[in-house]
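Worksheet for the structure shown next.
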Amino acid sequence: MTAPLDPMPRFHPIVKHREQFRVAPNLLDYCAERARFTWAGARQRLDGLPDGRGLNIAHEAVDRHARGPLRDRVAIRWRGRHGAVRELSYAALAAETNRFANALRALGVGKGDAVFALAGRIPELYVAALGTLKNTSIFCPLFAAFGPDPIRQRLALGRARVLITTAALYERKIAALRDTLPQLEHVIVVGGGGAPPPGTHDWASLLERASDAFTIPPTAPEDAALLHFTSGTTGTPKGALHVHEAIVAHHATAWYALDFHPDDRFWCTADPGWVTGTSYGIVAPLAHGLTMLVDESDFDAERWYALLEEERISNWYTAPTAVRMLMKAGPELARKRDLSALRFVASVGEPLNPECVVWGQQTLGLAIHDNWWQTETGGIMIANCAALEVRPGSMGLPLPGIDAAIVRRGAGGAIEELGADQEGELALRPGWPSMFRAYLDEEARYRKCFAGGFYLSGDLARRDRDGWYWFVGRADDVIKSAGHLIGPFEVESALLEHPAVAEAAVIGKPDPVVGELVKAYVALRRGFEASDALRKEITGFARKRLGAAVAPKEIAFVASVPKTRSGKILRRLLRARELGLPEGDVSTLEEER
Ligand code: ATP
Ligand code: MG
C-alpha cells in the first residue's frame, strides 16, 4: 500500500469526550487508526468462505450469522406501504436466499450472468439480491419508478438474462419490451395472484420447488458481483461494475462512518436502485449482523418520524433532500415524537448545507454527519465520523485506508497536487476494495478516470489547513462569473439560511459581460408567497452573506427544483431550459410537483 498522501490533520481532531457518548464511537482516535489501518487487516474481520473457497458478499452478510449466535436475530424488518409488517431472521434470510440461488441454478443461470430487479422495496428484492450473489451471478437493481425507455436501455446495456419484477410492473413496463430484449431469457414475477403472465415464472412457485440448502460456489474476490448505474446527474448514466471484494470496504467504512455497534437498529432511506441503497441499505448492515428497517413507502415527513420512533432506530442514513423536506415540514412533527433511541445520523448524495446540520442539532438533538462518495467508489470515502468535530458544510476527513488529494489536470495530462485551501479536483489513490472495475462497454471512459496514479472524481473540492474536505461543486456545475469560480453549493446554502427559502438551485446563465451570471431558482417554505418584495429581500440577504460578486443576480420562484430520483438537484436541466436547449437524458428525473 502506498504511503498516505493525505497529511494528517494538523490538530488532533477529537473534540468530544468519551463521556459525551451513550456508546463510545468506533473511531475515537483518528490519527492512530489511520496510521494502523490496512485493507488486509480489514479483510481479517470478515469470515471468508469455508475451506478457503474465497470471499462472497452474501456469505458475509447472511450465512455466517445464520450459522452462529445471531441466527434468530431479525435481519430485515419490513414495513409495508399499507401497514403490513414482515420480519426475516438471519436464519430465515439464509433459507430464502438459498432457495432463490437454487431457483437460478435450476434455470441454468450461473456465474457472471446478470440478474436485474425492477421492484419497489419489497422483501423479495432483498432475497433476490443476496441469492444472486450466492449464485455468483451479477445483481443489478433498477429503480421501480423508471419509465420503459430507461429500463430497456439498462437491461440491454447490462445484458440482463434474468429480471425479477412485480406483476403490476410487468404489465405496465416490461411486457411490451420483451421482444426488444432477446438476451432476457427469464422474467420472475412476484405477486399478482393466479397464473403468471405468459412467458414468465411465478416467484412463489419457483421458490417453493427449490431446496433451502445451498453451498456457495468458490468465489474469487475479483469476481463481478454488483452493477450500479450512476444517478445521471451530469448526463447519461454509466454502469459501474463492482466485485465481491467490495464487502471489505462496505464492512470497514460502515464501522467508521456510520458507527455501527452490535445492537444497532439501522435505517438507510435510499432505494437499492441507487448504490447507497445497496452498499449501505443491504450489504453493510447485514455484514455487521444488525437489524435493518426497510420501508416500502416513499418520503412522508409524518411517516418517517413515526418510523424513527416506533422502530427505535439508533443509526439513520439519509440524504440532504430528505433533510430539507423535513425542514420544510416544520419542527412540530419531530417534537411530537420520542426519538430518544436515535444516536447517530448521517447523510450522503449531495452537499449537506450547514443549515441542515444546525437543524439536526436543534430538532433531533444530533448533528447530521455528511459523507462523500460515488457509485464508482462503491463505499464511503470521506466522512464526518461520530467522535470528530463536525464542521458544518464540510464532508469530513478521508476514512482510514483512503488517500485523498486535491489536484489540477495540467497540460498533456500531467497531474499537479494542490495545497491547503486551493480548489481543484478531488482525487483518490486507487486500491480500496470497493472501487469500480469498469464502466460497462465504456473502456475509454473508464481509463479517462485515472491519471498520475489517481482516480479523478470529477468533483471540485478544497481541503482546509486542518485536513477537512469541502465540496465546491461538480466540475460541470461550477459557475465562471467575471473571473470568479463560484460553486453553486455555497450560494444555495446561503439562500437556505433565509427563513422563506425551502429549496434552492443555482446555475450560471450565459451573459455577454461577465461570462456567466449567477441565477437562482428558489422554492418557498409553506406560508410564504412569491412577490417582487420577497425577491428583493432574498437578493439583499444573499448579498450580505456572499458579497455582490457571488450573490444571485436573478431569482426565479418555482414550486420545487428538479431532482433525480436519488434526490440530487439537476442543475444541467435548469441550464438547458434556461438556454432553450434539449433537456438531455432525463431518465432519472423525479416527476416535478
Ligand atoms: P452521474 O455520474 O451519472 O452524473 P452522479 O454523479 O450524481 O451521476 P452518483 O454516483 O449517485 O451519481 O453520485 C455521486 C456524486 O454525488 C458525487 O460525485 C458528488 O457530486 C455528489 N455527492 C455525493 N455525496 C456528496 C456529499 N456529501 N457532498 C457533496 N456532493 C456529494
Ligand atoms: Mg458521477
(request) Kindly list, by first and then second residue, each pair from a residue in the stretch 433-447 that is touching a residue at least 12 places away in the same chain (Cβ under 8 Å) to a residue that is among the acidic types (Asp, Glu), limited to pairs with Cβ atoms under 7 Å and residues at least 6 apart or on different chains. (result) Pro433/Glu245; Phe436/Glu376
(request) Could you please find all residues in the stretch 16-72 being within 26 Å of the chain's Cα centre (by Cα), part of a helix (DSSP H, G or I) and within 19 Å of Thr132 (Cα to Cα)? (result) Ile57, Ala58, His59, Glu60, Ala61, Val62, Asp63, Arg64, His65
(message) For Glu423, only one of the following conditions fails: (1) modelled with pLDDT under 95; (2) under 15 Å from Leu241 (Cα atoms). What is its number?
(response) (2)
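Could you list all residues from the stretch 457-476 that are open to solvent by 10 Å² or more (accessible area, probe 1.4 Å) and under 29 Å from Arg575 (Cα atoms)?
Matches in the stretch 457-476: Ser457, Gly458, Asp459, Leu460, Arg462, Arg463, Trp470, Phe471, Val472, Arg474, Ala475, Asp476.
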(message) Checking Val491 against (1) within 16 Å of ligand 1 (Cβ to nearest atom); (2) assigned to a strand (DSSP E or B); (3) touching a Leu at 6+ places or on another chain (Cβ under 7 Å), only one condition comes out false. Which one?
(response) (2)
(request) Among the residues of the stretch 260-276, write down those that are away from ligand 2 (no atom under 16 Å from the Cβ), farther than 15 Å from Pro25 by Cβ and touching a residue at least 60 places away in the same chain (Cβ under 8 Å). (result) Arg265, Asp271, Pro272
(message) Any residue that is under 30 Å from the mean Cα position of the chain (by Cα) and either under 30 Å from Leu397 (Cα atoms) or open to solvent by less than 50 Å² (accessible area, probe 1.4 Å) (or both) - is there at least one of those in the stretch 524-531?
(response) yes
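So, Ala176, is that one in a loop (DSSP other than H, G, I, E, B) and surrounded by fewer than 16 Cβ atoms within 10 Å (Cβ to Cβ) or not?
no
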(message) Which of the numbered conditions does Leu485 fail, given that it passes all the others? Conditions: (1) surrounded by 14 or more Cβ atoms within 10 Å (Cβ to Cβ); (2) more than 16 Å from ligand 2 (Cβ to nearest atom); (3) of a type in the set (A, V, I, L, M, F, W, C).
(response) (1)
(message) Among the residues of the stretch 146-161, what is the count of those that are open to solvent by 40 Å² or more (accessible area, probe 1.4 Å) and closer than 14 Å to Ala117 by Cβ?
(response) 1
(request) With the condition kept exactly as written, say whether any residue in the stretch 96-105 is of a type in the set (Ser, Thr, Tyr) and open to solvent by 10 Å² or more (accessible area, probe 1.4 Å). (result) no
(request) Give the residue, chosen from Leu399, Leu364, Leu388, Leu342, that is open to solvent by 20 Å² or more (accessible area, probe 1.4 Å) and in contact with a helix residue (DSSP H, G or I) (Cβ under 7 Å, 6 or more places away or on another chain). (result) Leu364
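Being open to solvent by less than 70 Å² (accessible area, probe 1.4 Å) and farther than 19 Å from Ala91 by Cβ is the filter here; which residues of the stretch 50-69 pass it? Write out each step before concluding.
First pass over the stretch 50-69, keeping only residues open to solvent by less than 70 Å² (accessible area, probe 1.4 Å): 50, 53-66, 68.
Hits for the stretch 50-69 are Arg53, Gly54, Leu55.
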(message) Suppose the filter is within 13 Å of ligand 1 (Cβ to nearest atom), over 18 Å from Ala411 (Cα atoms) and among the hydrophobic types (A, V, I, L, M, F, W, C); does Trp432 pass it?
(response) no
(message) If a residue counts only when it is within 30 Å of Glu443 (Cβ to Cβ) and more than 13 Å from ligand 1 (Cβ to nearest atom), which strands (runs of 3 or more DSSP E) contained entirely in the stretch 212-292 have at least 3 such residues?
(response) 224-229
(message) As an exercise: evaluate Asn315 against (1) in contact (Cβ under 8 Å) with a residue 12 or more places away in the chain; (2) open to solvent by 20 Å² or more (accessible area, probe 1.4 Å) and give the number of the one condition it does not meet.
(response) (2)
(request) May I ask you to verify whether Ile164 is modelled with pLDDT under 95, in contact with a helix residue (DSSP H, G or I) (Cβ under 7 Å, 6 or more places away or on another chain) and surrounded by 21 or more Cβ atoms within 10 Å (Cβ to Cβ)? (result) no
(message) Need pairs with beta-carbon distance below 7 Å; first residue under 23 Å from Ala103 (Cβ atoms) and within the stretch 149-161, second of a type outside the set (A, V, I, L, M, F, W, C) and surrounded by fewer than 18 Cβ atoms within 10 Å (Cβ to Cβ); sequence gap 6+ or separate chains.
(response) Arg159/Gln183; Ala160/Gln183; Arg161/Gln183; Arg161/Glu185
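Looking at the stretch 235-259 only, could you name the residues that are within 16 Å of ligand 2 (Cβ to nearest atom), in contact with a strand residue (DSSP E or B) (Cβ under 6 Å, 6 or more places away or on another chain) and farther than 15 Å from Ile282 by Cβ?
Pro237, Lys238, Gly239, Ala240, Leu241
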(request) Give the residues of the stretch 567-589 that are part of a helix (DSSP H, G or I) and within 25 Å of the chain's Cα centre (by Cα), sorted by residue number. (result) Arg571, Arg572, Leu573, Leu574, Arg575
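The values are calculated or read from the model by the stated rules, or taken from the named source; none is laboratory data. The structure displayed is predicted, hence computed values, not measured ones. All Cβ positions, even for glycine, are placed from backbone atoms using ideal geometry, and neighbour counts span all protein chains on display. Note: accessible area is taken over every heavy atom of the protein model, side chains too, but ligands, DNA and RNA are not part of it. Shrake-Rupley method; radii C 1.70, N 1.55, O 1.52, S 1.80 Å.
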